[in-house]
Amino acid sequence: KKGNKIDVEGPIPSFGAAADGDGDRNMILGTQFFVTPSDSLAIIAAYADVIPFFKSQGGLKGVARSMPTSGAVDLVAKDLNFELFETPTGWKYFGNLMDSKDIYKGKDYTPFICGEESFGTGSNHVREKDGIWAVLAWLSILASENTDASKPLVTVEEIVTKHWAKYGRNYYCRWDFEGMDKAGATAMMDKMRSETATNTGKTVGSYTIATADDFTYVDPVDGSVAKKQGVRFLMADGSRIIFRLSGTAGSGATVRMYIEQYEPSKDKLNMVVSDALKGLVDVALGLCDIKTFCGTETPTVIT
């Protein structure tokens, strides 16, 4: 449950990749090492110049992530001067950015990379997630770090930890509360929306809420506006708590709680994620009061 390494028999592969049934989502693994989707997106962007698709077109220009996805790629974009976009959840928002020039006669953001925390990664070669492409991008990264066969293999874990050493680590997790009462879950979200002004500036635990809001996105390409895309608590230290409600059309609602804490210190890059986020999780549960509205503080799934 804590993500600790376990003893296994036989040799362990140095690289692993998984996809869903239609291959649009991807998971990257090293030797007993999991790469979060948010970190994967950031690392692909950081290594764009060794990936043929980007290199052949003069280099990466734009990066985008869904709002709940961690800000790891933001740090890369700032460092390497890429255009950066934070969009609502949904691939259509990425598609608009890709088509800015060809369809809308606007600015060209391609070559382009985009991703979501739900294991989706893609680029402008297709207007959808492409898990196979993401795996090939990682193989290009590994190849670029292992040009001398006489030297020890530079592993996935080493690539990720080197990235953290340069940019810091965004500790991150998502708690899903599935099958919640729709009325209770909706009331919980409405209460948090109504309290955004009063919560802004408030100190909770060891955190100060710099901004509390309900994310609204104004599309820079076609000017369309998407409202009520998630309640956000943005802390003064860069940490974030986000709540979204989905699945309200079926038998019950799913409340998604996203927790992110940025850690720049090189001495704190290898903590157990649950330990690193415990204080922020406690704050999040207090802010939403899900126990009162939905009857539980125990998630169905943690990713």
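The values are calculated or read from the model by the stated rules, or taken from the named source; none is laboratory data. Here the structure is a predicted model, which means the values were calculated and not measured. Positions of Cβ are generated from backbone atoms using ideal geometry, with glycine treated the same way; all protein chains shown enter the neighbour counts. Only protein heavy atoms, including side chains, enter the accessible area calculation; ligands, DNA and RNA are left aside. Shrake-Rupley method; radii C 1.70, N 1.55, O 1.52, S 1.80 Å.
Grab the helices (runs of 4 or more DSSP H) fully contained in the stretch 151-244, keeping just those with 2 or more residues being within 30 Å of A45 (Cα to Cα).
On the way: elements: 156-167, 182-194, 196-199.
Qualifying helices (runs of 4 or more DSSP H): 156-167.
If I filter the stretch 1-35 down to residues being under 19 Å from W91 (Cα atoms) and not acidic (D, E), which single residue comes out as surrounded by the fewest Cβ atoms within 10 Å (Cβ to Cβ)?
Initial filter on the stretch 1-35 (under 19 Å from W91 (Cα atoms)): 19-27.
Cutting the leftovers down to not acidic (D, E) gives us 19, 21, 23, 25-27.
Working: A19: 17, G21: 6, G23: 13, R25: 19, N26: 26, M27: 18.
For the stretch 1-35, the residue satisfying everything is G21.
Which residue, of V204, V231, is in contact with a helix residue (DSSP H, G or I) (Cβ under 9 Å, 6 or more places away or on another chain) and either free of Cβ contacts under 8 Å to residues at least 60 places away in the same chain or open to solvent by 40 Å² or more (accessible area, probe 1.4 Å) (or both)? Even if it seems obvious, please write down each step before you answer.
Values: V204 fails: either free of Cβ contacts under 8 Å to residues at least 60 places away in the same chain or open to solvent by 40 Å² or more (accessible area, probe 1.4 Å) (or both).
Among V204, V231, only V231 is in contact with a helix residue (DSSP H, G or I) (Cβ under 9 Å, 6 or more places away or on another chain) and either free of Cβ contacts under 8 Å to residues at least 60 places away in the same chain or open to solvent by 40 Å² or more (accessible area, probe 1.4 Å) (or both).
Determine, yes or no, whether E145 is surrounded by fewer than 22 Cβ atoms within 10 Å (Cβ to Cβ) and modelled with pLDDT under 95.
Values: surrounded by fewer than 22 Cβ atoms within 10 Å (Cβ to Cβ): yes; modelled with pLDDT under 95: no.
Criteria not met by E145.
Filtering the stretch 74-106 down to residues that are more than 16 Å from A45 (Cβ to Cβ) and touching a strand residue (DSSP E or B) at 6+ places or on another chain (Cβ under 8 Å), which residue is least open to solvent (accessible area, probe 1.4 Å)? Please lay out each step first, then the result.
From the stretch 74-106, those more than 16 Å from A45 (Cβ to Cβ) are 88-93, 95-96, 99-106; that's our starting set.
Cutting the leftovers down to touching a strand residue (DSSP E or B) at 6+ places or on another chain (Cβ under 8 Å) gives us 88-91, 93.
Values: P88: 2, T89: 51, G90: 20, W91: 26, Y93: 29 Å².
Once the filter is applied, the top-ranked residue is P88.
State whether one or more residues within the stretch 259-273 are assigned to a strand (DSSP E or B), surrounded by fewer than 18 Cβ atoms within 10 Å (Cβ to Cβ) and of a type in the set (S, T, Y). Break it down into steps so the answer makes sense when it comes.
Of the stretch 259-273, the ones assigned to a strand (DSSP E or B) are 259-263.
Okay, now just the ones that are also surrounded by fewer than 18 Cβ atoms within 10 Å (Cβ to Cβ), so none.
For the stretch 259-273, residues assigned to a strand (DSSP E or B), surrounded by fewer than 18 Cβ atoms within 10 Å (Cβ to Cβ) and of a type in the set (S, T, Y): absent.
Restricting attention to the stretch 208-226, does a residue exist that is surrounded by 17 or more Cβ atoms within 10 Å (Cβ to Cβ) and in contact with a Cys (Cβ under 9 Å, 6 or more places away or on another chain)?
No, the stretch 208-226 has no match at all.
If I filter the stretch 42-62 for residues that are more than 20 Å from I159 (Cβ to Cβ), of a type in the set (D, E) and more than 19 Å from the chain's Cα centre (by Cα), do I get at least one hit?
no
I'm checking my understanding of the structure. Among residues of the stretch 286-301 that are in contact with a strand residue (DSSP E or B) (Cβ under 8 Å, 6 or more places away or on another chain) and part of a helix (DSSP H, G or I), which one is most open to solvent (accessible area, probe 1.4 Å)?
Across the stretch 286-301, the extreme among qualifying residues is G286.
Residues of the stretch 25-54 being touching an Asp or Glu at 6+ places or on another chain (Cβ under 6 Å) and not hydroxyl-bearing (S, T, Y), which ones? Break it down stepwise before answering.
If we filter the stretch 25-54 for residues that are touching an Asp or Glu at 6+ places or on another chain (Cβ under 6 Å), which is where we start, we get 30, 33, 37-38.
Correct list: G30, F33, P37.
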